[in-house]
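> Below is a structure I'd like to ask you about.
The values are calculated or read from the model by the stated rules, or taken from the named source; none is laboratory data. On a predicted model such as this, the values are computed, not experimentally measured, just so you know. Positions of Cβ are backbone-derived with ideal geometry, glycine not excepted, and every protein chain shown enters the neighbour counts. Each accessible area value is taken on the protein alone, full model and side chains, heavy atoms only, with ligands, DNA and RNA left out. Shrake-Rupley method; radii C 1.70, N 1.55, O 1.52, S 1.80 Å.
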Amino acid sequence: MTKNNLVMELKNFSFTYAGATKPSLKKINLPIEENKITAMIGPSGCGKSTLLRSMNRIHDLYPGNSYEGKINLYRADGSKQNILDLKKENDFIRLRQEVGMIFQKPTPFPMSIFDNVAYGLRLAGIKNRSELEGRVEKALKGAAIWDETKERLGESALGMSGGQQQRLCIARAVALKPRVLLFDEPTSALDPISTGAIEELIAEIKSEVSVVIVTHNMQQASRLSDYTAFMYLGDLAEFDKTEKIFLNPKEKLTEDYITGRFG
Amino acid sequence: MNRLILNKIILLLSTLSAVIGIGFLFWILATLSYKGITSIHWATFTKDLVDGGIRNLLVGQFTMALMATFVAVPVGMMAGIYLREYGHGSKLASIIRNLSDVMMSAPSIVIGVFVYALLVDPFGSYNGWAGAVALAIMMIPIIISTTDNMLALVPTELREAGMALGGSKHKIILQIVVRAAKVGITTGILLSFARIIGETAPLLFTSANNQFFTMDLGDQFPSLTVSIYNLATYPDEASRELAWAASFILTMIVLTINLLGRFVIRNKK
Amino acid sequence: MGGKLFRNFSFFSATLSFFILVGIFAILFHYAQESMHTFGFDFLWTEQWEPGEDDEGGIFGGYIPIVGTLLSTIIAMVIATPLAMGIAIFLTEIASVTVAKPVSIAIELLAAIPSIIYGMWGLFYFAPVVQSIFGGNGVGLLTAGIVLAIMIVPFMAAITRDSMNTTPSVLKESAYAMGATKFEVIKDVIMPYSKGGIIGSIILALGRALGETMAVAFLIGSVMHTVGKVTDPTTSIPVLLANNFAEAEDLEMSSMYFLALILFVVSFIIISSAKFYFLGRKVK
Ligand SMILES: Nc1ncnc2c1ncn2[C@@H]1O[C@H](COP(=O)(O)OP(=O)(O)OP(=O)(O)O)[C@@H](O)[C@H]1O
Ligand SMILES: [Mg+2]
C-alpha cells in the first residue's frame, strides 16, 4: 500500500485517560486508506472506542487526557497535518467537519428531520435556503431515507424508528462531505433488518468517504470491510487485508478471537 | 469568525454569573459573620430577650420547629407512602401529588393568615400551638415529596422479592421499602427542618413573639426570627447588634443542618 | 388487620394536603366576603387605603400592593433569569468537576439561607449601594427587586442545572462531532432537550418571588405609595400583610384577607400551570 492513498495514519500513538495510571492505547501504528472501509475488532475494553474517539479528538471535551505520537490527516489538497498538534477551537471545528462520527445509539437532535440534516451545514455557514434544501435532499437520498422522510421533513426527528434515526444521523454526517466517517458499533442497538440497511448504506458511501467502523459482529467486519484491525488490551495485535485476517491470520490470538474461542 | 467570538462571549458571561453568585454568597456571609461575631457575648446565650439575650428565642424557635416536625414527619411520610405504594398510578394519587407540590410553593404569609383565622382569632390570643401548626403545614408537603421521590428509587424487584416470601404489603413497605429509602428520607427531613427553622412569615401573627422565657404553648411564644425582624428596625444600637448576633446564629444553625443532611447522603451512597 | 389500619392512615394523610388547600381557600374567601361585597372588582384598581373615622367603614383598595408585588417580581425575574441560566451553564458545561462541585454546594447553601437574612443584609449593606448608584433613599422597589433576584437565583440555577444535566452526553458529543461550538451545543441541543425543566424552574422561582415576604419587607419601604420612579418606596401584598394584618379590624381586616386570597389564587395558578405544562410530564 502506497503512502499517497492514505487519508489518516496513526504513528506510535498512545493514549492515557485522565487520572489513569496506565495508557489505554499503546504505540498504535495504523494506516487508514482512502475510500476503503477499515474495521476494528477486539474484545470488550481493548480500546476500540478510545482509538476511534482520538481520531476526531472528541476526547478533548473532557479535560486531562494525554496523547503521545502522531495522528496524521491527509487533506484533499495533498497537505498533511498531525491532528494532535491542534490547539485552537477553530481547528477542532474544522477537524470534526472533516472527520465525522456515528454513535452506537442514534442521536437525533430535538429538532425537525430537516433541521437535523441541515444542522452541520448551517454551522458551516450555509444560509441560502435553496442550497440547504438541495444538500439536505441529496444527503437523505444518499442515506436511503428520502422516500420515507420527504413528506415529513418538518416533523420532529424523535418520532422516527431507531433504524431510521440511525440513517438520519448518517445523512446528517454525510451532508458535511467529510473525508472520514467513524462508526462506533452503529448497528448494535438495531434489529437485523435495520442492520442490513445500514450495512448497505456504509458500503455505498465508501466511494465518497473513508470509513472506520468498530464492530463486535465478525460477519459484519468480514462482509463489509477492506481492512481489519484486531486490537487486544490496548495494543494493535494484527492489521491486514480483511481476507487475510479472517482466512489466514498471522497471530494465534487473532485466530482464537475470530473463531470465537474467547472474547 | 464570529461564531467563535459569540461562543467566547457567552461562556465568559456564564462564568461571570457564577462569579457574581459566589460573590454575593461571600459578601452576605462575610458581613453576617463580622457583624454577628462582634455582637455575640456570653450573655447572648444565657439571657432572655428582655435582658438582651436570645436564650428564650432559641428555645422557642426550636420547640415550635420540633413540634412541627413531630407532626409533619409521620403525616408526610404516610402520605408519601400512600402516593407511591398504594395509590401509585391512580388518578387520585396524581391529583394529590400535584396539590401537595402546589402547597409546597404556597406563599408562607398566606399560611400564617390561614392559621391566624383558625387558631388565633377564635381564642383571642397568639399562641405557640398556632406557630407550630403553621410550620407543620409548611413542612408536610416537603416531606411528602421527598418520601415519594425516595420510595420511587427503590427497585420494584425488592418489593416483589418480599411478596414472593409471603410478606404482607404493609410489612414489606415498613420493613423493606422504607428501610431501603431511609438515607434519602432522613436527608429530606433534615433539609426541610433547616428550611422551617428559618421561617418568619408564618410565625408573625401565629406565635408572634415573647420577651420572656416560656414553655406555655397557649401563650405568645418566643421566636428567634420574629425577634430579628423587630430588633433590626429598632433605632438603638444594642437592638441592632442583637439582631445581627441572632441572624448569624440562625444562619449557622440552618447551614449546619443543611450540610449535615448532604453529608448523611454522601456517606451512605 | 394492622395492614388495613396502616393503609387507612396513609390514605388519610395523603388527603390532608387536599383539605388544607381547600381550607385555606375557604377561610380566606369567607373572611374576605365583607370587602368583596363592599368594593367588588373596583378593589383591584382603587389606590386608597384609608380607614374611616373610629374604624367605621373606610375605603380600601389593593391597587398599590398588587402593583408593588407585580413590579418587584418582574424586576427580580428580569435580573435573576439570565444570571441563573449563566450559573447553570457554568456548572454543567464549563467548570471542571473540581470547580463545579464546591460552586454547586455554595449555590445550594445560598438557596438555604433564610429570607430574613437577605432582608437584613439588604437593608444595611445593599440598599446604600443602590442609593449611591440610582439615587432615591435606598429602600424602594428597585432594591427590593434586586435582593429578591439574588434570593431566587440559586434556587432557579439549581433546578436548571439538574435538568440540563439530564441531557445524554452522546447527544452533546454528536453535536460537537459535527463541528458545533460549546455555545451552539448548549443552544441547539441542551436547551431544547431540557426545555421543560428550565421553564418549570423559572415559573417556580416566579411563584417564590411573588409570595416572598421577609426579604421584601425590609427593603420595599412599606408605604402606601404609588410608584412613579423605580427607586420609589411602595409596598407589596405579603409586606402589607406582615406589617398591618395583626392590627387591622373589620373592613380593613377583611380587605387584608381579600389580598391574601388574591395572592394565594395567583400563585396557585402559576404553580399549577408550571406543574401541568412543564414539570408534570416527567412524573413517573
Ligand atoms: N472515561 C474513561 N476514563 C478512564 N478509563 C476509561 C474511560 N473510558 C474507557 N476507559 C478504559 O479504557 C479502556 C478501553 O475502553 P474502550 O471503551 O475504548 O473499549 P472498547 O474496546 O470500545 O470496548 P467495548 O467493546 O466494550 O465498547 C478500558 O479499559 C476502559 O476501562
Ligand atoms: Mg466501545
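> How about region B:79-95: which of its residues are surrounded by 23 or more Cβ atoms within 10 Å (Cβ to Cβ) and either hydrophobic (A, V, I, L, M, F, W, C) or more than 10 Å from every other protein chain (Cβ to nearest Cβ) (or both)?
The answer is B:Ala79, B:Ile81, B:Leu83.
> When B:Lys35 is evaluated against the numbered criteria (1) free of Cβ contacts under 8 Å to residues at least 12 places away in the same chain; (2) open to solvent by 20 Å² or more (accessible area, probe 1.4 Å); (3) touching a helix residue (DSSP H, G or I) at 6+ places or on another chain (Cβ under 6 Å), which criterion, by number, is the only one it fails?
(1)
> Mind checking which pairs have a first residue in region B:38-52 that is closer than 16 Å to B:Ser227 by Cα and open to solvent by 40 Å² or more (accessible area, probe 1.4 Å) and a second that is charged (D, E, K, R) and modelled with pLDDT of 85 or more, Cβ under 7 Å, 6 or more apart or different chains?
Listed pairs, sorted by first residue: B:Phe45/B:Arg55; B:Lys47/B:Arg55.
> Identify all residues within region A:129-158 that are among the basic types (Lys, Arg) and surrounded by 15 or more Cβ atoms within 10 Å (Cβ to Cβ); write none if there are none.
A:Arg135, A:Lys138
> Hey, among C:Phe18, C:Phe41, C:Phe29, C:Phe90, which residue is open to solvent by 60 Å² or more (accessible area, probe 1.4 Å) and either touching a Lys or Arg at 6+ places or on another chain (Cβ under 6 Å) or facing another protein chain (nearest Cβ under 9 Å) (or both)?
Working: C:Phe41 fails: either touching a Lys or Arg at 6+ places or on another chain (Cβ under 6 Å) or facing another protein chain (nearest Cβ under 9 Å) (or both); C:Phe29 fails: either touching a Lys or Arg at 6+ places or on another chain (Cβ under 6 Å) or facing another protein chain (nearest Cβ under 9 Å) (or both); C:Phe90 fails: open to solvent by 60 Å² or more (accessible area, probe 1.4 Å).
Being open to solvent by 60 Å² or more (accessible area, probe 1.4 Å) and either touching a Lys or Arg at 6+ places or on another chain (Cβ under 6 Å) or facing another protein chain (nearest Cβ under 9 Å) (or both) holds for just one of C:Phe18, C:Phe41, C:Phe29, C:Phe90, which is C:Phe18.
> Within region B:106-129, work out how many residues are over 18 Å from C:Leu241 (Cα atoms) and under 21 Å from the mean Cα position of the chain (by Cα).
Number satisfying all stated conditions: 3.
> Only one of A:Leu132, A:Leu181 is at pLDDT 90 or above, within 12 Å of chain C (Cβ to nearest Cβ) and away from ligand 1 (no atom under 16 Å from the Cβ). Can you tell me which?
Criteria check complete, one pass: A:Leu181.
> Can C:Gly119 be described as among the small types (Gly, Ala, Ser), within 12 Å of chain B (Cβ to nearest Cβ) and crowded, with 19+ Cβ neighbours inside 10 Å?
yes
> Having 1 or more residues that are at pLDDT 90 or above and either open to solvent by less than 10 Å² (accessible area, probe 1.4 Å) or more than 10 Å from every other protein chain (Cβ to nearest Cβ) (or both) is the bar; report the helices (runs of 4 or more DSSP H) wholly within region B:155-238 that clear it.
Helices (runs of 4 or more DSSP H) meeting the threshold: B:182-197, B:224-233.
> Looking at (1) surrounded by 24 or more Cβ atoms within 10 Å (Cβ to Cβ); (2) at the interface with chain C (Cβ under 7 Å from one of its Cβ atoms), which is the one condition that is false for B:Gly76?
Going through (1) surrounded by 24 or more Cβ atoms within 10 Å (Cβ to Cβ); (2) at the interface with chain C (Cβ under 7 Å from one of its Cβ atoms) one by one, B:Gly76 breaks only (2).
> So which residues in region B:190-227 are touching a Leu at 6+ places or on another chain (Cβ under 7 Å) and either within 14 Å of C:Pro114 (Cα to Cα) or of a type in the set (Gly, Ala, Ser) (or both)?
Once the filter is applied, which keeps residues that are touching a Leu at 6+ places or on another chain (Cβ under 7 Å) and either within 14 Å of C:Pro114 (Cα to Cα) or of a type in the set (Gly, Ala, Ser) (or both), region B:190-227 yields B:Ile196, B:Gly198, B:Glu199, B:Pro202, B:Ser223, B:Leu224, B:Thr225, B:Val226, B:Ser227.
> Moving on to the next point. Restricting to region C:122-145, give me the number of residues that are touching a residue at least 24 places away in the same chain (Cβ under 8 Å) and open to solvent by less than 10 Å² (accessible area, probe 1.4 Å).
Here the count works out to 8.
> Let me ask you something else. Find the residue count for region C:93-111, including only residues that are more than 7 Å from chain B (Cβ to nearest Cβ) and either of a type in the set (Gly, Ala, Ser) or farther than 15 Å from B:Leu255 by Cα (or both).
10
> Report whether or not A:Ile58 is within 21 Å of C:Ala180 (Cα to Cα), open to solvent by less than 10 Å² (accessible area, probe 1.4 Å) and either within 15 Å of ligand 2 (Cβ to nearest atom) or more than 14 Å from chain C (Cβ to nearest Cβ) (or both).
Details: within 21 Å of C:Ala180 (Cα to Cα): yes; open to solvent by less than 10 Å² (accessible area, probe 1.4 Å): yes; either within 15 Å of ligand 2 (Cβ to nearest atom) or more than 14 Å from chain C (Cβ to nearest Cβ) (or both): yes.
In short, yes.
> So which residues in region B:8-28 are more than 7 Å from every other protein chain (Cβ to nearest Cβ) and at pLDDT below 90?
Of everything in region B:8-28, just one residue is more than 7 Å from every other protein chain (Cβ to nearest Cβ) and at pLDDT below 90, namely B:Phe26.
> Also: Can you find even one residue in region A:107-128 that is within 16 Å of ligand 2 (Cβ to nearest atom), within 14 Å of chain C (Cβ to nearest Cβ) and open to solvent by less than 50 Å² (accessible area, probe 1.4 Å)? Give the steps one after another, and end with the answer.
First, the residues of region A:107-128 that are within 16 Å of ligand 2 (Cβ to nearest atom): A:107.
Within this subset, residues satisfying the condition of being within 14 Å of chain C (Cβ to nearest Cβ) are A:107.
Within this subset, residues satisfying the condition of being open to solvent by less than 50 Å² (accessible area, probe 1.4 Å) are A:107.
Yes, region A:107-128 contains at least one residue that is within 16 Å of ligand 2 (Cβ to nearest atom), within 14 Å of chain C (Cβ to nearest Cβ) and open to solvent by less than 50 Å² (accessible area, probe 1.4 Å).
> For region A:37-57, which positions are at pLDDT below 95 and away from ligand 1 (no atom under 14 Å from the Cβ)?
Scanning region A:37-57 gives A:Asn56, A:Arg57.
> Select the strands (runs of 3 or more DSSP E) contained entirely in region A:1-93, then report the ones holding at least 2 residues which are under 30 Å from A:Arg261 (Cα atoms). I'd like the intermediate steps shown before the answer.
Values: elements: A:6-16, A:25-33, A:37-41, A:66-74, A:80-82.
Where strands (runs of 3 or more DSSP E) fall fully within region A:1-93 and carry at least 2 residues being under 30 Å from A:Arg261 (Cα atoms), they are A:6-16, A:25-33, A:37-41.
> Considering only residues that are of a type in the set (Phe, Trp, Tyr) and out of contact with any His (no Cβ under 9 Å at 6 or more places or on another chain), look in region A:58-95 and name the one that is farthest from ligand 1 (Cβ to nearest atom).
Looking at residues that are of a type in the set (Phe, Trp, Tyr) and out of contact with any His (no Cβ under 9 Å at 6 or more places or on another chain), I get A:Tyr74.
> Taking the residues in region A:18-49 that are hydroxyl-bearing (Ser, Thr, Tyr) and away from chain C (no Cβ under 14 Å) as candidates, determine which candidate is nearest to ligand 2 (Cβ to nearest atom).
A:Ser44
> So, of the residues in region A:14-25 that are touching a residue at least 12 places away in the same chain (Cβ under 8 Å) and open to solvent by less than 80 Å² (accessible area, probe 1.4 Å), which turns out to be nearest to ligand 1 (Cβ to nearest atom)?
Top of the filtered list is A:Ser24.
> Related question: Tell me which residues, restricted to region B:135-150, are within 11 Å of chain C (Cβ to nearest Cβ) and either buried (at least 24 other Cβ atoms within 10 Å of the Cβ) or under 17 Å from B:Gly89 (Cβ atoms) (or both).
B:Ala136, B:Ile137, B:Ile140, B:Pro141, B:Ile143, B:Ile144, B:Thr147, B:Asp148, B:Asn149
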